[in-house]
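Presented below is the structure to which this report refers.
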Amino acid sequence: MVQAMVMERSLPAATPSASAAPADAVGGSRIGFENVSVTYGSLTVLQSLTLTVNPGEIVALIGPSGSGKTTALRAVAGFVRPSSGRIMIGDRDVTNLAPYDRKIGMVVQNYALFPHMRVEENVAFGLRAHGASEAVVRARVPECLAMVGMGAYAKRYPRELSGGQQQRIAIARALANKPQVLLLDEPLSALDAQIRRSMLDELAKLHRDLPALTVLYVTHDQTEALTLANHIGIMRDGRLKAFGGAQSLFRNPPNRFAAEFLGRANLLPVNDLQPAGEGRVSVRFGATVLKARNHHRLAKGSDCLLCVRPHDFKLGSSRPDANRLSGVVRSVQWQGDVHNVVVEVAGECIRLSSAPMREPPEPGASLDVHFDPADVTVVPEDGADG
Amino acid sequence: MADAAIAGVPASRPRLDSFWVVPPLLILAALFFYPLSLIVREALGGNEAFTLSHFSEVLSSRRFLDGLYNTIIIATCATAGCIVLGFVLSLVIAFVPFRGAKSVARLIDTFIALPTFLVTLAFTFIYGSAGLLNVSLIRLFGFDLPPVDFLYSQWGVILAETTVYTPFVMRPLLATFSQIDQAQIEVASSLGAKPLRIIRQIILPAALPALVAGGSLCLLLTVNEFGIVLFIGAKDVITLPMLIYSKAIQEFDYTTACVIAVVNVALSLSLYTLYRLIIAHFGGNRAGVV
Ligand SMILES: Nc1ncnc2c1ncn2[C@@H]1O[C@H](COP(=O)(O)OP(=O)(O)OP(=O)(O)O)[C@@H](O)[C@H]1O
Ligand SMILES: [Mg+2]
């Protein structure tokens, strides 16, 4: 049955866009965490994680250092054994399966290429481990190298490649067995910023070429997560603090932590929430009444936070229904393609980013800013859900 | 004149530097080269005319050839034993997570500091004809003769040498294993490789320099081993060092002893050269040996 699903899902791969890459059946399969906990001695590093990565989807796990992202990924790979809970790949319960029986591809931060093997032998390793014939190896290895644009490097040793090239080989090696799921643990973090950006584009293209591949992507970097992932999970202290579609999580963070970790956010303390019609609510920020969406359906009268992204603030003339704030400019910083301005409003410092201005405001000057109620939502204080 | 002044400055430095080579050379000469030259001189005829006749005589003698054969067989087998045992033990210590792996490694390391005959002595207590094993077996089953008597043969020597010299292989191996990227092993197993394939294709290639270096060190040490062979006291196991000892001390045949000693030194030096070449080839750092 999984087989049938795999075949079906692989069909879209045979599109013209896949011409450079082989349009083959890299099968898609669901990854499921069911109440997975991991403990080291008395330390619980993963707390009842429940999370599903649907077939063909990319889910990014982000979170601060030590939050348990790698542990979650290694639990899928089979290198840490959950103290409770189940891990599913497709319909298989793999919780007690040895890593070599899980049929997964894995790419790690430092590439971990086998140093004494040539590139082609690295890529062939998984095929040979599965007992593939030499004819299959000879056919498949060039395919995989072409997929990552490294066809010309088959005879090199890993030490003769740049970091970016090594990471491509690591990806080709992971895909050689046509795994159902691909696990990536900070695959780009050892690369410098420019190469990281182009590798990010290539990973996105790779997934367009292999749309059935299910990917769990662990990263520190919110840009990577926002660029690649369909869904994003935000972790802290071994718990999943937020999970949702990349865009909706960005627009409607469920709590303070999620708002601050995914993108920058101004979280204004507001109170006296009242319905204001058309799905909007009004809240009080100091003496000012502001309007916002109430995505999380917070109760009337509650104290909460208003999440305003720095780019949501506008300067200059405003529409009549916009929220308006005035304050004093505290600092102005130019960063090439943006101006970052800090404005003090009613004792709170808010940050706004705008397109570069010809005449930026001077520190000390007073400044009026406004933002659209449709762009912002109220968010519960973290106390509400831990 | 200016030229001379310029040329004079750099020239004076090496002369001063090279002076410091002299004291160590002198000490070496007094302690090593002089006795060695005496041995070589004695082997080549001593006070009488220079002759190679002693050499041809000794080298074609039955006892010498037996001794050489024994030496090579014992050294080769013991080294092979050290490599296999050392590799397996190091694998277990480095990759099988168990409590106290570190202390075991340290314990084995201190083994290197012990005198070699200690192990042999322990062996006699355990496997000797009046040792623990034989006495228990005789008590239990009423044998007339000690049933376990491998100790007084070639095999006893090989076993003892293997036990004593295995740590010399394990030391560089453990150093190398600690440098193997765990992620490589994990990626390999996620690619479907079972433990044996990982050992063969990932760990063994990485360990090869250390294995070869440790192995050649063992070979060097076992070729020259004297204490263990003497302590076991097997009558038929005569190696080159034993032969030198019995010729010189028991038969007062210094000339023959010197000839054999020259052969032994030549054998050791060529093995040592091989050892240095291997280490240079792999790079001492990578092999984790000094
Ligand atoms: N083998 C181990 N033994 C004990 N504790 C461990 C072990 N591996 C991880 N931990 C702990 O588990 C917690 C989570 O680690 P994990 O590697 O999953 O974090 P992470 O989110 O991937 O962090 P980073 O972003 O720094 O990679 C950390 O507190 C870490 O110290
Ligand atoms: Mg990590």
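Are any residues in the range A:177-236 within 13 Å of ligand 1 (Cβ to nearest atom), surrounded by 19 or more Cβ atoms within 10 Å (Cβ to Cβ) and either within 14 Å of another protein chain (Cβ to nearest Cβ) or under 23 Å from A:Leu161 (Cα atoms) (or both), and if so, which ones?
A:Leu183, A:Leu184, A:Asp185, A:Glu186, A:Pro187, A:Leu216, A:Val218
Going through the range A:87-105 one residue at a time, which ones are open to solvent by 10 Å² or more (accessible area, probe 1.4 Å) and either within 22 Å of A:Ser189 (Cα to Cα) or out of contact with any Ser or Thr (no Cβ under 9 Å at 6 or more places or on another chain) (or both)?
Those that are open to solvent by 10 Å² or more (accessible area, probe 1.4 Å) and either within 22 Å of A:Ser189 (Cα to Cα) or out of contact with any Ser or Thr (no Cβ under 9 Å at 6 or more places or on another chain) (or both): A:Asp93, A:Thr95, A:Asn96, A:Leu97, A:Asp101.
Could you tell me which numbered condition B:Val187 fails, if it satisfies all but one of (1) in contact with a strand residue (DSSP E or B) (Cβ under 8 Å, 6 or more places away or on another chain); (2) open to solvent by 60 Å² or more (accessible area, probe 1.4 Å)?
Single failed check for B:Val187: (2).
Just checking, how many residues over the range B:237-264 are in contact with a Ser or Thr (Cβ under 7 Å, 6 or more places away or on another chain) and open to solvent by 20 Å² or more (accessible area, probe 1.4 Å)?
Total meeting the criteria: 1.
Could you list all residues from the range B:216-235 that are open to solvent by 20 Å² or more (accessible area, probe 1.4 Å) and assigned to a helix (DSSP H, G or I)?
Answer for the range B:216-235, where residues must be open to solvent by 20 Å² or more (accessible area, probe 1.4 Å) and assigned to a helix (DSSP H, G or I): B:Leu217, B:Leu219, B:Leu220, B:Leu221, B:Gly227, B:Leu230, B:Phe231.
Would a scan of the range A:55-66 turn up a residue that is assigned by TED's automatic domain parsing to the domain that holds A:Glu186, under 28 Å from B:Ile180 (Cβ atoms) and not polar (S, T, N, Q)?
Checked the range A:55-66: at least one residue is assigned by TED's automatic domain parsing to the domain that holds A:Glu186, under 28 Å from B:Ile180 (Cβ atoms) and not polar (S, T, N, Q).
Take the residues in the range A:37-67 that are within 14 Å of ligand 2 (Cβ to nearest atom) and open to solvent by less than 10 Å² (accessible area, probe 1.4 Å), then tell me which one is nearest to the other protein chains (Cβ to nearest Cβ).
The selected residue is A:Val38.
Of all residues in the range B:113-135, count the ones that are in contact (Cβ under 8 Å) with a residue 40 or more places away in the chain and surrounded by 13 or more Cβ atoms within 10 Å (Cβ to Cβ).
7
Could you tell me which residue of the range A:93-119 is nearest to the other protein chains (Cβ to nearest Cβ), considering only residues that are touching a residue at least 60 places away in the same chain (Cβ under 8 Å) and away from ligand 2 (no atom under 14 Å from the Cβ)?
Only one residue tops the list, namely A:Ile104.
Please work out if B:Phe143 is open to solvent by 70 Å² or more (accessible area, probe 1.4 Å) and closer than 30 Å to A:Val80 by Cα.
no
Only residues that are among the hydrophobic types (A, V, I, L, M, F, W, C) and within 13 Å of ligand 2 (Cβ to nearest atom): list them for the range A:72-88, please.
Within the range A:72-88, A:Ala72, A:Leu73, A:Ala75, A:Ala77, A:Phe79, A:Val80 qualify.
Select from the range A:184-210 the residues that are within 16 Å of ligand 2 (Cβ to nearest atom), among the acidic types (Asp, Glu) and part of a loop (DSSP other than H, G, I, E, B) and list them in ascending order.
Scanning the range A:184-210 gives a single hit, A:Glu186.
The values are calculated or read from the model by the stated rules, or taken from the named source; none is laboratory data. Keep in mind that this is a model prediction, so the values were computed, not measured. Every residue, glycine as well, gets a Cβ built from its backbone with ideal geometry; the counts of neighbours run over all protein chains shown. Protein only, heavy atoms only, side chains kept; ligands, DNA and RNA dropped before computing areas. Shrake-Rupley method; radii C 1.70, N 1.55, O 1.52, S 1.80 Å.
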